[in-house]
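J.: Dropping a structure here in structure tokens format, bear with me for questions.
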């Protein structure tokens, strides 16, 4: 019978802090107005390789 180690309280707290940060970032994003073009989004995400568009 194997015994699992109990969760590390520091790891759990870091996870909670990261979750709280994600919630704040999502709330801020919902407050943003305006639009982003497809090209701008692709650039921001690093998906704008010009060779991909050549056909």
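Read the figures in this text as sums done on the coordinates, not as results from a lab. If you're wondering where the values come from, they're calculated on a predicted model, not measured in any experiment. Using ideal geometry, Cβ is built from the backbone for each residue, glycine included, and neighbour counts are taken over all protein chains shown.
J.: Report the extension gain between residue 32 and residue 17 in nm, rounded to one decimal, defined as 0.36 nm multiplied by the number of residues separating them, less their alpha carbon distance.
T.: Length difference between fully extended and current span is 3.1 nm.
J.: Here's another thing I want to ask about it. Along the Cα→Cβ direction, 7 angstrom out, place labels at residue 24 and residue 42. What is the inter-label distance in nm?
T.: For the pair residue 24/residue 42, the computed spacing is 3.5 nm.
J.: Percent of alpha carbon pairs in segment 9-53 separated by more than 15 Å?
T.: For segment 9-53, the share of Cα pairs beyond 15 Å comes to 65 percent.
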